[in-house]
Structure formats: structure tokens, C-alpha cells
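Remarks on the structure that follows.
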Amino acid sequence: MTILGLKRSLFGSPTRRLLALVGANAAFYGGGYLIQRYIDEQASSPGLSFALVFFWMALGVTAALFTLISLGELLLHRGFIDRFLRDDLEGLDQRLALAERGIDPTTLAVDEADEAPMRYSPFRFGLLFLALTALNLVSANRLGGGFLQRYTHPGVAIVHLRSDDPLVRRNGLTMLTERLQIVATPAVAQAVLAMLDDPDEGVKARAAFVIGTLGIEAGAEPLAKLAVQNEALTFAALIALGQIREEGARKAILGIVDAPAVLREPRALAMALGLLRAPAIERLQAIFRQAGDDPQTRAAAIWALGQLREPRLLDFVAPALEDPELVVRCAAAEALELMAVFEASEPLRRAFEAQEDKLAQCPEVKVPVQEGGPSLFVVRLRGYLLALVRALHTTDDPELLRWYVAHQDGLDERTHGLMQKSWEALTQKDAEGRLNHLKKKIQLMKLRAGPDSAVAPDSAAALGSAAAPGSAAALAPAAALPPPPPASSAPASAP
């Protein structure tokens, strides 16, 4: 059949044009619905799903073309169908035949044009064709609940999860974490949770990571079960459980803190408890004591205790400032910063004064999430003295007004700058009388301690009385801190 014959068979009469219009749109919308349902619920081949989406869009283009041709008399111009179905070669033969008979064909053409003008415009046809195509695809996409967006992410990933190849399934799980803003819909959560029962351990581990990264609370109990029953995956399950950050995860981990398999991964357990701020104080203290020569685990336990922000833990955390390992001392400084208690000032000042290397850097320690996960810090890369000053800044200790002035030499620019800001803030609080209650507290502590008090003999001058800030007995701070050392002599310091 020739192209002209095909056109005439489809659009040769009003009835055929109506059937073509209805049939093309029914195929697009009806077939598109079936394609979307199949991809959403059953498709297990990424390649096939892509081909089906392409076919669905091709149906939309075809439906737009059939619609435009069928309604051409209304949308384009009168006489469009006659022109569309006309055989141009046949018309040329007729003109040649007229010329041989001595009849001027141009005259006849002008007469026909006067009777039925043919104002054909390729630009108008193309514009309407594109508009109808876009309308078809947009409307079908909306009727499908945003199918294209859903297919792009996470639809393709879920199709991967149905594959028989474990490598394809792992790739599908990885795709779910490529956009961390993804919302874990019930369909996504169901698909990922099913992967915890996968026969391949690599898929299970990746599924645990995805559950934690997406914060799927329904995965808390399955992860806790996995941590207890599969020792090869206990570490990954605990870290994932900690990342959920929901009450369900907190309850789940508190239920397994004494499980033998979990206790064999003390560092992961400490990090998970810290991430969840789970009040397993005795377990964390035991992890710290039993860590032996493992500074990373001791640091994780101290960090986790700091996440609780419990002032009553000061007596346990503060001694960690004397730990032989710098990473543990840094974790203790950050924990005391979160506690923000006045009583932390003295051990923090002692740690500052005992530190011989003023440029020592806290080593960066991260929660060991799988590749592609968010960065979660246990200890941040920054100057150790800077970490101590950050913690001191939260204590509001009046004695810091003089102590800062006496301990500013040899500091890097960032530490000196924070010390300056802290001193200025304390000065302002002192001028407003907001430190008077702490001055009273220090004096009372000194009186109770008696002559052997650890408070320096001249501390009374530093502390002053509880009188109003403007009185002669009020604290008279030392001169303002000098400007920081030149930038050229200050080492680079991490934030």
C-alpha cells in the first residue's frame, strides 16, 4: 500500500477520521495506563522499562498527529483534508495534459484558488503538532500521578531491585541515595525493606545503609534483628540504625545493647547510640572502660555521652581530657562544649595549660557510613586548643576574664580570635550583672574548701563580690586582648 493509500484509508472520510482520532487517543491513554502500572508494579528489567517509556511517549506523539489531521479543517484551514489527501504527482500530470491541449493551467489554478483558498502553513502545522504532543504527555503524566518524575527517581531504582542479578539490585539501592532529598514513600520503603531478606549479603548491607540514609523508621526493628542475628552485618546494621534518628530506632537499639553480637562491635554501638542520643549511659561508660588500647572506640563513647547533653556526666567525661590519645581528648572537649556547664571550666583550663604543642590538630573521625552517605562527624578536624576554647566559651566562668589574658601567647589566629570574642562576651555579661550568681557560687565553693582550696590566693580579686557591676567590689577585668598574630605566622586551622 502506498503512503497516499494509507492516508486515504485512515482519513479518507469523516467516519474514518473520527475512528482514527478516537483510536489513537484510546491507545495512548489506555495503553499508557497499562504501561505505567506494569513498570510501577512488575517490571524487573531496566532496559525493558526504558523501552516501554519510549513506546508510551511515541504513542503520545502519534495521538497528537492523528488529532491534528482529523481536526485539520477546524484547527488549520478549510480544505486541509483535500490538500492532505491530494496526490501532487497526479495534479502535475493533469497540468501537463492541459498544456498539451493548449489550455493555460495557471488560469485554472487561479480560478480554483478563488473558490477554495489553500492557505497551508508548515509553521502553523508544526506549532500545533508540538502543542498537542506536549498536552498529551503532560495530561497523561498528571493522570498517572507524576509517572515520569516517579519513574526517573525512584522508579528506575525500584525496577533494578526486582532484577535477578544481585549486582543490578545493589546498583538500584545505590541509585536511591544519589539524591538525598528523596522522600521515602511507602512504595520505596517496602521495596528497600524487602532487600533485608535478600540472599546476597552485599545487597543486605546496602539495603541497611539505604534505610538509614533515607531515615525509614519502619526499618528500625528489622535492622535491630539483623544486627543480632547476622554478625557479619552487625556493624553496618548498627550504623544504619543510628542514622534513622527517630523514636522507633531509639527504642530498637535500647533493646539490643546487651546482645552478644552487638557487644562485639563496641565502636559501632557507641556511634549508633550517639547518633540517636539514646540514654544508655551505663553501656557507654562500660564501652569506654573496656576499650583498652583502642582510642577510636574510647573517643566514640565519650562523644556519644556528650550527645546526651547531661551535666551529671561531667565527672565521667572531664577526666578524658587527660587521656594519652589526642583524639580522645578532642572528643571530650566537644562533649563538654555540648554539656555547657560552669563546672567544666576548671578541667578545660587545666587541659589547655597542660598542652605543650599549641598547634596540635584534632584528627578527623567520621561515622563510617557506606560510600555515598552523608558525612557524620565524631571529631572534627580543628585545632585542639580551639576545641578547648569553644568549650570554655559555654561555661561563662568569670575567672576566664583574667585567664584569657594570661594564656593568649603562641595561639593560632582562629583560636586567638575566638578567645577575643569570648572575652568580649563575658565582659558584656559582667557589665550587665549576669555573672554575679557564678561569682557567688565560686566564693561559696572557696569558703567550703577552706585554706587548702584549689582556688588561687589572688582569685578573690579576679572574682570580686556579688555587688552591682558598677561598684568598686565588682570584677575589674584585665586589659583587652591584643589583636591576633599576623596571618603569615598563623598556621592553617580547620573549622
Name, by its number, the condition in (1) touching a Leu at 6+ places or on another chain (Cβ under 7 Å); (2) buried (at least 24 other Cβ atoms within 10 Å of the Cβ); (3) more than 15 Å from residue 281 (Cα to Cα) that does not hold for residue 304. (3)
Filtered residues of the stretch 143-162 (kept if modelled with pLDDT of 85 or more and charged (D, E, K, R)): 162
What number of residues in the stretch 116-130 are among the hydrophobic types (A, V, I, L, M, F, W, C) and either closer than 17 Å to residue 205 by Cα or assigned to a loop (DSSP other than H, G, I, E, B) (or both)? 2
May I ask you to say which residue of 226, 238 is outside any loop (DSSP other than H, G, I, E, B), over 24 Å from the mean Cα position of the chain (by Cα) and free of Cβ contacts under 8 Å to residues at least 40 places away in the same chain? 226
Exactly one of these conditions fails for residue 35: (1) at pLDDT below 80; (2) part of a helix (DSSP H, G or I). Give me its number. (1)
Please verify whether the stretch 199-220 includes one or more residues that are in a helix (DSSP H, G or I), touching a residue at least 12 places away in the same chain (Cβ under 8 Å) and more than 28 Å from residue 40 (Cα to Cα). no
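Quick grid of which residues meet (1) aliphatic (A, V, I, L, M); (2) in contact (Cβ under 8 Å) with a residue 24 or more places away in the chain; (3) in contact with a Ser or Thr (Cβ under 7 Å, 6 or more places away or on another chain); (4) not in a loop (DSSP other than H, G, I, E, B):
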{"site": "313", "(1), (2), (3), (4)": "yes, yes, no, yes"}
{"site": "337", "(1), (2), (3), (4)": "no, yes, yes, yes"}
{"site": "349", "(1), (2), (3), (4)": "no, yes, no, yes"}
{"site": "373", "(1), (2), (3), (4)": "no, yes, yes, no"}
Check 364, 399, 424, 413 and return the single one that is touching a strand residue (DSSP E or B) at 6+ places or on another chain (Cβ under 9 Å) and on the phi < 0 side of the Ramachandran plot. 364
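So if I check each of 186, 199, which one is farther than 28 Å from residue 257 by Cα and not assigned by TED's automatic domain parsing to the domain that holds residue 45?
Unique residue meeting the criteria: 186.
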Determine, yes or no, whether residue 171 is without any contact (Cβ under 8 Å) to a residue 12 or more places away in the chain, part of a helix (DSSP H, G or I) and under 17 Å from residue 203 (Cα atoms). yes
Which condition number in (1) in contact with a strand residue (DSSP E or B) (Cβ under 6 Å, 6 or more places away or on another chain); (2) over 17 Å from residue 339 (Cβ atoms) is the one that residue 303 fails? (2)
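Name the single residue that is modelled with the lowest pLDDT among those in the stretch 406-432 being outside any helix (DSSP H, G or I) and surrounded by 15 or more Cβ atoms within 10 Å (Cβ to Cβ). It would help to see each step written out before you state the result.
To start, the set of residues in the stretch 406-432 that are outside any helix (DSSP H, G or I) comprises 407-412, 432.
Still in the running and surrounded by 15 or more Cβ atoms within 10 Å (Cβ to Cβ): 407-408, 411-412.
Working: 407: 92, 408: 88, 411: 91, 412: 91.
The qualifying residue modelled with the lowest pLDDT is 408.
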The conditions are (1) in a helix (DSSP H, G or I); (2) free of Cβ contacts under 8 Å to residues at least 60 places away in the same chain; (3) of a type in the set (Gly, Ala, Ser), and residue 299 fails exactly one of them. Which is it? (2)
Among the residues of the stretch 1-49, which ones are closer than 20 Å to residue 188 by Cα and either in contact (Cβ under 8 Å) with a residue 12 or more places away in the chain or in contact with a Gly (Cβ under 8 Å, 6 or more places away or on another chain) (or both)? 35, 36, 38, 39, 40, 42, 43, 44, 45, 46, 49
Taking into account only those residues within the stretch 131-147 that are part of a helix (DSSP H, G or I) and touching a residue at least 24 places away in the same chain (Cβ under 8 Å), which is farthest from residue 49 (Cα to Cα)? 132
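Listed here are the residues, each with its yes/no results for (1) acidic (Asp, Glu); (2) exposed (fewer than 11 other Cβ atoms within 10 Å of the Cβ); (3) at pLDDT below 80.
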position: 48; (1), (2), (3): no, no, no
position: 52; (1), (2), (3): no, no, no
position: 57; (1), (2), (3): no, no, no
position: 84; (1), (2), (3): no, no, yes
position: 94; (1), (2), (3): no, no, yes
position: 111; (1), (2), (3): yes, yes, yes
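The values are calculated or read from the model by the stated rules, or taken from the named source; none is laboratory data. Just so you know, these numbers come straight off a predicted model, no measurement behind them. Reconstructed Cβ throughout: ideal geometry from the backbone, glycine too, with neighbour counts over all protein chains shown.
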